[in-house]
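For reference, the structure discussed in these notes is given below.
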Amino acid sequence: MRLKGKTTIVTGAATGFGSGIARRFAEEGANVVLADINDAEGEKLAGDINGQGGGRARYQRANVTRRAEVDAVVAFAEKTFGGLDVMVANAGIGQRPVPFEQTTEAAYDRLFDVNVKGVFHCCQAALPALRRRGPGSNIIVTVSAVVFTVRPKLVAYAATKGAAFILTRSLALELAAEQIRVNALCPAAGYTPMLAEFMGGAETADVRALWEQAIPMKGLITPKDMGDAAVFLASSEARMVTGVCLPVDGGRTL
Ligand SMILES: NC(=O)c1ccc[n+]([C@@H]2O[C@H](COP(=O)([O-])OP(=O)(O)OC[C@H]3O[C@@H](n4cnc5c(N)ncnc54)[C@H](O)[C@@H]3O)[C@@H](O)[C@H]2O)c1
């Protein structure tokens, strides 16, 4: 119960890494607002979490590219659970591998809209509520191991994660004196629905096996792995940890 009594928002919580983070937060006693655009999966996860005991969960639709919807989620968290302790800006979209010169402006705009402006909105919208809560409140951003080990044919996606990485570190310094921490998680490829996108549109067992072998610890990252790391960063055990971009990658970036 390392997060007992804490209120958290997890964006992109309906599936993948976000669902693992939300589940682990609730297991540790946190109340969780699940924010996503996938209503069916979001509502289902809220039901699952509420059936397990631990912290409570509520689903609230929010497209992170729209500031008013992110503001509404923060207001919902404060009204429903009495405050906000942790914002997890996890929502993101992937990219199918494509040579740089074939990356369309529309794809670039969409990637930056969700993966960078979405994070910007989440941090800015959460900050007044985190300040009301005071020292110890914190932000976690899901970045990517791609910021340490770049890949070909994912230039636009990687650039969005580079921006989110520097946003995290800059904001951590700006808020440090207020004891509000800002950290990032940098996962390698994971067992999530996004994997298919990185594999060109369809997940295949052969490619998955190759990718699993490419990770020194053999195997991809699970939503629970991300949840476990996020619990640490969100908890008071990480009291003096800010501005870090924690690889959760089985040694991939070594
Ligand atoms: N899966 C990987 O291999 C991998 C590796 C490194 C980093 N990441 C990052 O992890 C994060 C989570 O991805 P995932 O792998 O769990 O993928 P996922 O597709 O399972 O989850 C992403 C979630 O974000 C939601 N979402 C998408 N656009 C949104 C928007 N505009 N507003 C609100 N919600 C939105 C989706 O509905 C989905 O539930 C992303 O930021 C992604 O870039 C993933």
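Some points to look at:
- Once both labels are positioned 7 Å from their Cα atoms along Cα-to-Cβ, the gap between Ala177 and Ala214 label points is 4.4 nm.
- Helix 67-81 and the long axis of the chain differ in direction by around 40°, with both axes built from C-alpha atoms.
- Take every Cα pair under 8 Å whose residues are at least 6 apart in sequence, average their separation, divide by the length of the chain, and the relative contact order is 21 percent.
- Kirkwood hydrodynamic radius computed over the range 164-254 comes to 14.6 Å, based on all pairs of distinct alpha carbons.
- Normalised by the number of residues in the range 1-66, the average gap of Cα pairs under 8 Å and 6 or more apart makes the relative contact order 33 percent.
- Under a model in which nothing but the beta-carbon of Lys, Arg (+1) and Asp, Glu (-1) is charged, the chain shows a dipole of about 540 debye around its Cα centre.
- Shown in residue order for the range 171-177 are the 3J(HN,Hα) couplings computed by the Karplus curve 6.51 cos²θ - 1.76 cosθ + 1.60 at θ = phi - 60°: 5, 4, 5, 4, 9, 4, 5 Hz (x for Gly and Pro).
- For the range 28-87 and the range 146-165, distance of Cα centres in Å: 28 Å
- The charge dipole of the range 42-116, taken about its Cα centre with unit charges on the Cβ atoms of Lys, Arg (+1), Asp and Glu (-1) only, comes to about 300 debye.
- Rounded to the nearest 20 debye, dipole of the range 122-180 from Cβ charges on Lys, Arg, Asp, Glu: 180 debye
- Calculated from backbone phi, Karplus (6.51, -1.76, 1.60) coupling profile of the range 245-250 in Hz, x at Gly/Pro: 10, 7, x, 10, 9, x
- Distance between modelled label sites at Arg132 and Thr104, nm, 7 Å Cα→Cβ extension: 4.2 nm
- Two-site label geometry, Leu254 and Gln124: point separation in nm, points 7 Å out along Cα→Cβ: 4.1 nm
- Annotation: amide H of Ala91 within the under-5 Å range of Thr11, Gly12, sequence separation 5 or more or interchain, hydrogens built in the peptide plane.
- Long-range amide H partners of Ala62 with built H, under 5 Å: Asp36, Ile37
- With Cα atoms, 0 to 90° folded angle of helix 205-214 axis to the chain main axis: 80 degrees
- Remark on Gly190: its backbone amide H falls under 5 Å from those of Ile221, a criterion applied only to residues 5 or more positions apart or on other chains, H modelled at 1.01 Å from N.
- In the range 120-254, a dipole from Cβ-located charges (positive for Lys and Arg, negative for Asp and Glu) runs towards its positive end, and of Leu254, Met240, Pro135 it is Pro135 whose Cα lies farthest in that direction.
- Note on the chain: lysine pairs with Cα distance below 21 Å, sequence gap of 8 or more or different chains, count 7.
- Rounded to the nearest Hz, the phi-derived 3J(HN,Hα) couplings of the range 100-108 under the Karplus curve 6.51 cos²θ - 1.76 cosθ + 1.60 (θ = phi - 60°) are 3, 5, 9, 6, 7, 4, 5, 5, 4, where x marks glycine and proline.
- Cβ-derived FRET efficiency at R0 22 Å, Gln52 paired with Lys224, nearest 0.05: 0.95
- With Cα atoms, 0 to 90° folded angle of helix 118-133 axis to the chain main axis: 20 degrees
Computed from the coordinates by the stated procedures, all read-outs in this text should not be read as laboratory data. Being a predicted model, the structure only gives us computed values, none of them experimental. Positions of Cβ are backbone-derived with ideal geometry, glycine not excepted, and every protein chain shown enters the neighbour counts.
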